[in-house]
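Student: Got a structure for you, written out below as structure tokens; questions coming shortly.
Coordinate-derived values only; no laboratory data. Quantities reported herein were computed from a predicted structural model and do not represent experimental measurements. Note that we place each Cβ from the backbone using ideal geometry, even for glycine, and neighbour counts take in every protein chain shown.
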Amino acid sequence: MKKKHKDTIAGLLFASPWIIGFLIFTLYPIIISLYYGFTDFSIFKPPIFVGLDNYKALFKDELFIKSLNNTLYMTAFATPINLLFGLGTAMLLNMKIKGMSFYRTIFYIPSIVPQVAATILWVWILNARYGLLNNILKIFGIYQPNWFQDPNYTKPALIIMGMWATGTIMIIFLAALQDIPRSFYESADIDGANNWNKFIKITLPTLSPVILYQLIVSIIFNFQIFTQAWVIGEAGGGGNAGLFGGPENSILFYATYIFYNAFSYFKMGKASAMAWILFIITAFITWLVFKTSNKWVTYGGE
Amino acid sequence: MKKILPHIVLILIGIMFIFPFLWLLSTSFKSGTDASALSLNLIPKKINWENYKEIFVKVPFLRYCINTLFLAIIGIVGQMLTSSMVAYSLSGINWWGKKVLFPIILSTILLPYQVTMIPVYLIYNKLHLVGTYWPLIIPYFLASAINIFLMRQFFITLPTSLMEAASIDGASHFTIYTKIILPLSKPVLAAVSVFTFLNVWSDFLGPLIYINNQSMFTVSLGLKSFIGEHSVEWNLIMAASAVTTIPIIIIFFFAQKQFIEGITLTGIKG
């Protein structure tokens with residue numbers, strides 16, 4: 001046998017765990033759920049073709065619209081806030097100061113706290129009466145929101161929780177900042193550029209590929225918010241909070257609603273239609289961000 | 001002044017980051033009445049170790065920890081084996097798939113879990129595996145995109161001369177992979193292990209879908225059911241949350257380097 005054929009066989013064999021997983025657990029599910037989306041289907045009875053009924057019903061379903069709006073809200077606000085906060089802390093850590101690795105550790109640790117535990121902790125900190133934050137706000141005479149009972153404050157509470165765990169974004173930006181050659185700044189110094197100019201003209205353009213990637217990852221991550229909302233439904237609201245959507249369904253998210261339809265109501269057809277809409281939305285946003293990126297992302301060599 | 005200001009800002013932000021965590025520990029040692037007293041006392045009036053005893057008595061928390069540890073170890077073995085194989089295929093072997101598969105693998109990183117969740121559940125349901133650990137184990141033996149990427153990036157930095165020499169000596173890919181690549185890959189295998197542990201330990205959605213028998217609960221699932229049953233005993237809830245978190249923190253301190261390097265390289269957490 002020729003070496004080329006041998007290599008192809010070896011390549012396939014070594015790649016086989018991923019290929020098998022991709023075919024069975026990624027490609028097949030994406031295709032079959034397109035079909036399920038056009039059927040009336042629970043795990044107790046076989047799928048019956050109903051055409052576009054699921055999609056039509058979804059766009060008349062108030063909860064679906066609500067879950068989509070809530071999710072878009074988080075994507076629109078949490079994404080830029082987290083990226084800016086991550087970049088800001090990274091730039092602070094990039095200064096030549098003593099104890100950098102200590103600060104870095106402190107800033108990063110919240111990001112590895114398991115999400116269920118982190119959420120429970122924040123439900124406690126944001127407890128309207130006994131919570132740490134409201135007690136601090138009280139000292140300063142600032143209005144103390146009823147974080148998890150007042151539908152106006154549930155999503156901001158989630159955004160605060162999210163900011164606590166931006167350490168991953170920070171580390172990535174920090175590494176990228178440290179990769180910027182010092183000579184870039186030195187030549188700017190010779191030209192007499194001030195710090196703001198250096199940030200706009202050197203730091204941002206050099207970081208732009210990293211920002212692009214983090215932007216896409218963050219958007220997609222925010223589309224999948226689930227655990228926080230699910231745990232708050234149990235821990236925060238108590239009995240009056242409605243089911244898992246929080247007060248007035250203000251934290252009913254897309255992923256939560258899919259889960260509900262699939263595993264509580266066994267409406268697999270409707271849930272599959274939702275999964276496909278999610279697939280299209282995230283693919284579209286990713287495409288859109290990439291498309292606009294040639295306007296602001298610069299891939300420079302040295 | 002110019003030197004002190006950054007430190008003041010960093011310390012303030014540092015307090016914001018660490019204080020919630022200290023508050024968790026502090027509440028976990030308080031008595032029930034002390035915890036729900038309207039005070040900002042970080043130091044408990046009395047250190048109540050009993051809280052920790054109580055959570056292990058009231059719920060089978062030890063059981064949950066052992067279950068999760070079991071899943072994590074199997075997951076680590078699966079990932080070290082399969083992701084490294086695929087990474088070798090994409091770096092050490094010259095074949096057409098190298099260029100074709102790599103972009104597809106990378107694009108799956110961005111695929112939301114929910115997109116495939118339902119058909120995957122139906123597959124396991126058909127195989128009568130819902131309610132067993134199999135749906136939580138099998139994926140770890142089918143390589144993961146992020147770990148493949150992490151390992152591939154490491155493999156392409158290894159000196160090719162070693163592999164070429166072995167190849168000329170007639171060594172098969174299997175030999176090169178097991179005798180040369182893997183022994184040189186300890187740093188990246190360590191990083192993959194750490195991230196896999198973190199993933200399994202923190203995973204909530206997977207166990208929520210597939211595990212319904214309480215004796216098989218993982219820590220995250222156990223913690224959630226615990227707050228359902230003890231919704232006002234915040235000192236106990238915080239003790240349980242601390243037990244869930246502390247193993248992760250300990251591992252972080254031992255493997256800080258792998259954490260940072262892994263995240264930096266992949267641009268994503270685990």
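Student: Find, among the chymotrypsin sites (Phe, Trp or Tyr not before Pro) in region A:80-146, those assigned to loop by DSSP (not H, G, I, E, B) with at most 12 other beta-carbon atoms within 10 angstrom.
Tutor: Passing both the DSSP loop test and the Cβ count: A:Phe140, A:Tyr143.
Student: Please go through the residue pairs A:Lys198/A:Lys295; A:Lys6/B:Lys98; A:Lys6/B:Lys186 and name each one whose alpha carbons sit more than 23 Å apart in this structure.
Tutor: Checking Cα-Cα distances, A:Lys6/B:Lys186 exceed 23 Å.
Student: Principal axes first, then extents: for the Cα atoms of region B:1-48, list largest minus smallest coordinate on each axis, whole Å, largest first.
Tutor: 46, 15, 14 Å, listed from the longest principal axis down.
Student: Same structure again: Quick one: compute the contact order of region B:53-207, relative version, from alpha carbon pairs under 8 angstrom and 6+ residues apart, as a percent.
Tutor: It comes to 41 percent, rounded to a whole number.
Student: Another question, then. What does the net charge come to around B:Met151 if you take all other residues with beta carbon closer than 13 Å to its beta carbon, with K and R at +1 and D and E at -1?
Tutor: My count for the surroundings of B:Met151 gives +1.
Student: Under unit Cβ charges (Lys, Arg +1; Asp, Glu -1), what dipole magnitude, rounded to 20 debye, does chain B have relative to its Cα centre?
Tutor: In debye, rounded to 20, chain B gives about 360.
Student: What residue among B:Ala190, B:Ile237, B:Asn212 has its Cα farthest toward the positive end of the dipole of region B:150-243, where the charges are +1 on Lys, Arg and -1 on Asp, Glu, each on the Cβ?
Tutor: B:Ala190
Student: Now for a different question. Within straight cross-link reach of B:Lys53, meaning Cα distance under 16 Å, which aspartates and glutamates are found once same-chain residues fewer than 8 apart are removed?
Tutor: Straight-distance partners of B:Lys53: B:Glu233.
Student: If you bin every alpha carbon distance in region B:59-266 into 5 Å steps from zero, what whole percent lands in each bin?
Tutor: Histogramming region B:59-266 at 5 Å steps yields 1, 7, 13, 16, 16, 15, 12, 9, 5, 3, 2, 1, 0, 0 percent.
Student: Please report, for the Cα atoms of the protein assembly as shown, the Rg to one decimal and the Dmax as a whole number; what are they, in angstrom?
Tutor: Answer for the protein assembly as shown, Rg first and Dmax second: 24.9, 82 Å.
Student: Could you run the Karplus curve 6.51 cos²θ - 1.76 cosθ + 1.60 with θ = phi - 60° over region B:83-95 and give me ³J(HN,Hα) per residue in whole Hz, x for Gly and Pro?
Tutor: Here the 3J(HN,Hα) series is 5, 5, 4, 5, 4, 5, 4, 8, 10, x, 10, 8, 8 Hz.
Student: So, with +1 on the Cβ of K and R and -1 on the Cβ of D and E, and no other charges, what is the size of the charge dipole of the protein assembly as shown about its Cα centre, to the nearest 20 debye? Numbers along the way, then the final one.
Tutor: On the way: 38 positive and 22 negative charges, 122 e Å.
My answer is approximately 580 debye.
Student: Reachable lysines from A:Lys267, Cα under 23 Å, same-chain residues fewer than 8 places away excluded?
Tutor: A:Lys45, A:Lys56, A:Lys60, A:Lys66, B:Lys126
Student: Also: Count the net charge of all other residues whose Cβ sits under 15 Å from the Cβ of A:Ala193, scoring Lys and Arg as +1 and Asp and Glu as -1.
Tutor: 0
Student: Under the rule of at least 5 residues apart or a separate chain, name every residue whose amide H is placed under 5 Å from the amide H of A:Thr39.
Tutor: So A:Thr39 has HN proximity to A:Val50.
Student: Can I ask one more? On alpha-carbon atoms, Rg over Rh for region B:1-131 using Kirkwood Rh?
Tutor: Working: Rg = 24.8 Å, Rh = 21.2 Å.
Using only Cα positions, Rg/Rh for region B:1-131 is 1.17.
Student: Please give the contour-minus-distance gain from A:Arg182 to A:Asp150: 0.36 nm per residue of separation, less the Cα-Cα distance, rounded to one decimal in nm.
Tutor: Contour length minus the Cα-Cα distance gives 6.6 nm.
Student: Shifting gears a bit: Rounded to the nearest 0.05, what FRET efficiency do B:Thr175 and A:Phe49 give with R0 = 41 Å and r taken as the Cβ-Cβ distance? Could you check?
Tutor: Approximately 0.15, to the nearest 0.05.
Student: Another question, then. Name the longest site-free stretch of chain B, where the excluded sites are chymotrypsin sites (Phe, Trp or Tyr not before Pro) in a DSSP loop with no more than 13 other beta-carbon atoms within 10 Å.
Tutor: Numbers: sites that count: B:Trp49, B:Trp96.
No qualifying site falls inside B:97-270, the longest such stretch.
Student: Suppose every K and R has +1 on its Cβ and every D and E has -1 on its Cβ; what is the size of the dipole of region A:53-296 about the Cα centre, in Debye to the nearest 20?
Tutor: Using Cβ point charges on Lys, Arg, Asp and Glu, region A:53-296 gives about 140 debye.
Student: List, largest first, the extents of the alpha carbons of region A:1-76 along their principal axes, each in whole Å.
Tutor: In descending order, the Cα extents are 63, 38, 20 Å.
Student: If you build the Cα gyration tensor of region A:162-302 and take the root of 5 times each eigenvalue, what three semi-axes come out, in whole angstrom, biggest first?
Tutor: The equivalent ellipsoid of region A:162-302 has semi-axes of 43, 19, 10 Å.
Student: Still on this model: Does region A:53-296 classify as rounded, prolate or oblate by the C-alpha gyration tensor (a ≥ b ≥ c root eigenvalues; a/c under 1.5 gives rounded; else a/b over b/c gives prolate, otherwise oblate)?
Tutor: Because a/c hits 1.5 or more and a/b fails to exceed b/c, region A:53-296 counts as oblate.
Student: Which of A:Val231, B:Ala166, A:Ala57 sits farthest toward the positive end of the charge dipole of the protein assembly as shown, with +1 on the Cβ of Lys and Arg and -1 on the Cβ of Asp and Glu?
Tutor: Most positive-ward Cα: B:Ala166.
Student: Looking at chain B, identify the longest residue range that excludes and avoids all trypsin sites (Lys or Arg not before Pro) in DSSP loops having at most 13 other Cβ atoms within 10 Å. Walk me through the numbers on the way to the answer.
Tutor: Details: sites that count: B:Lys2, B:Lys3, B:Lys45, B:Lys46.
The longest uninterrupted stretch comes out as B:47-270.
Student: Could you tell me which of A:Pro47, B:Phe19, A:Asn135 has its Cα farthest along the dipole of the protein assembly as shown towards the positive end, charges placed at Cβ (Lys, Arg +1; Asp, Glu -1), taken about the Cα centre?
Tutor: Of the listed residues, the answer is B:Phe19.
Student: Okay, next question. Roughly what percent of Cα-Cα pairs across region A:1-159 reach past 21 Å?
Tutor: Tail of P(r) above 21 Å: 74 percent of Cα pairs.
Student: Measure off 7 Å from each Cα along the Cα-to-Cβ vector at B:Ile250 and A:Met91, then give the distance between these two points in nanometres to one decimal.
Tutor: A separation of 4.0 nm, rounded to one decimal place.
Student: Helix B:219-229 versus the longest principal axis of chain B: what is the Cα-based angle in degrees, 0 to 90, to the nearest 10?
Tutor: Taking the Cα atoms of chain B, the angle to B:219-229 is about 30 degrees.
Student: Which of the three applies to region B:169-240, rounded, prolate or oblate, going by the alpha-carbon gyration tensor with a ≥ b ≥ c and a/c under 1.5 meaning rounded? It would help to have the intermediate numbers written out before the result.
Tutor: Details: a/c = 6.28, a/b = 3.01, b/c = 2.08.
Note, shape of region B:169-240 comes out prolate.
Student: Another question, if that's okay. Can you list the trypsin sites (Lys or Arg not before Pro) in region A:56-99 that are in a DSSP coil and have 12 or fewer other beta carbons within 10 angstrom?
Tutor: Qualifying residues, ordered by number: A:Lys96, A:Lys98.
Student: Extending each Cα 7 Å along its Cβ direction at B:Tyr113 and A:Asn194, get the distance between those two points in nm, one decimal.
Tutor: Distance between the two pseudo-spin positions: 4.8 nm.
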